[in-house]
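Report on one structure; see the data block that follows.
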Amino acid sequence: MLAMDYRGPKRVRAVQKPMPEIKHPQDAIVRVLRTCICGSDLHLYNGNVPDTRVGTTFGHEFVGEVVEIGSEVTKLKTGDRVLVPFNIACGECHFCRQGMYGNCHESNTEATAVGAIFGYSHTAGGYDGGQAEYARVPYANVGPTIIPEGMDLDDAVLLTDVVPTGYQAAEMAGIQTGDTVVVFGAGPVGIMAARCAWLFGAGRVIIIDKEEYRLDFARNYSYCEAYNFEEIGDPVVFIKKITDWIGADCVIDAVGAEAAGNAMQTITGRKLLLQAGSATAVHWAINSVKKGGVVSIVGVYGPTDNLIPIGNVLNKGLTIRANQASVKRLLPRLIQHVQNGTLNPKGLITHRIPLAEVADGYRMFSAKLDNCIKPVLIP
């Protein structure tokens, strides 16, 4: 089968790989119909996540058709079209029983802090992902969800990560009616978080980035204010100034390890890898939220440590909430939002790229070429 293959930082290609096989009675094999390149895939691509091994197939956002099932799979049959959450979850452990599918305690033998994720380094379990013609899906009675009849595959594939992650970012922010919400990062997740903030009652939504094409897209898609941090001076001072020097009620970090905007953070976190990525967005979030406010973090940082102003968290009485999105918990509500037109996931997609051209797709998305917001790969 054709599959994406990681060859080292900034080096990927499409190659022929062996077909995946059933390894456990609860496995399923899925023929991939749509798969995405995610902003967090770029952390792998750029060499920012430890233990990303040569030969890995990335891709944690995919939908497809079930072509084979293990002997213990009872909730799927061949021919079913399914969307596959990016979390690999057993459904039975202490955390899965609480709906924390992104924190499954059984699926990842390589780490204790994170559950397993498709195609996301050996720190997330070492599973191959869905940027391929076929993928093995463990715990097939738990994660894969049958795509509702009539749902566009482009909508369905974004329900595997982008929509749930953006929605959970807004959910974790604890937004109250009339709140001012600031989102750092106008990538697909940040744009979706800004859109979803309105669903929780936000009175004002602001998004901060440095790419004008992203800011224009966010204004139109998320109906929010959008500002270029290279043009407003210190973003923290700017946010305080436009909130009567109080600060935002809630701030969302949708950037993660490759944030720009601070030379020291960039050098130590992105160049020398002395910390787990650049923590610039976390600094801005902590310092621009009001006293007693909430910081919600969905931007991806690698292990192990980051330099953040924890003293300001204490002195301002902040609440920090962070997690990988628990896709399975959120899907019923989000499917309803898509079906009734409240959310339009496929509106984020700007590029559709053949899987055979995956290397060009990564280069374009990483370099922010051609006004690329969200690329989808078509096997």
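Sort F200, F62 from largest to smallest accessible area, using a 1.4 Å probe on the heavy atoms of the protein chains.
F200, F62
What figure in square angstrom, to the nearest 10, would you give for the accessible area of T350 with a 1.4 Å probe?
Here the accessible area works out near 50 Å².
To the nearest 20 debye, what charge dipole does segment 162-322 have about its Cα centre, counting +1 at the Cβ of each Lys and Arg and -1 at the Cβ of each Asp and Glu?
Here the size comes out at about 280 debye.
Would you check the accessible area of E65, probe 1.4 Å, heavy atoms only, in square angstrom rounded to 10?
50 Å²
Give the shape of segment 37-135 as rounded, prolate or oblate, defined through the alpha-carbon gyration tensor: a ≥ b ≥ c are the square roots of its eigenvalues, a/c under 1.5 means rounded, and otherwise the shape is prolate if a/b is larger than b/c and oblate if not.
Oblate.
Along the positive direction of the dipole of the chain (beta-carbon charges: Lys, Arg +1; Asp, Glu -1; about the Cα centre), which of V137, V295, G247 reaches farthest?
Checked the options; the winner is G247.
Need the list of lysines near K328 for cross-linking: C-alpha distance under 21 angstrom, and skip anything on the same chain fewer than eight residues off.
Straight-distance partners of K328: K75, K77, K346.
Would you check segment 162-322 for Lys pairs whose C-alpha atoms are within less than 21 Å, ignoring same-chain pairs closer than 8 in sequence, and give me the count?
Final tally of qualifying lysine pairs is 11.
For K23 and Q98, what does the FRET efficiency come to when R0 = 35 Å and r is the distance between their Cβ atoms, rounded to the nearest 0.05?
E between K23 and Q98, to the nearest 0.05, is 0.80.
The values are calculated or read from the model by the stated rules, or taken from the named source; none is laboratory data. Being a predicted model, the structure only gives us computed values, none of them experimental. Cβ: placed from backbone, ideal geometry, glycine included. Neighbour counts: every protein chain shown. The area values use the complete protein model at the heavy-atom level, side chains included, leaving out ligands, DNA and RNA. Shrake-Rupley method; radii C 1.70, N 1.55, O 1.52, S 1.80 Å.
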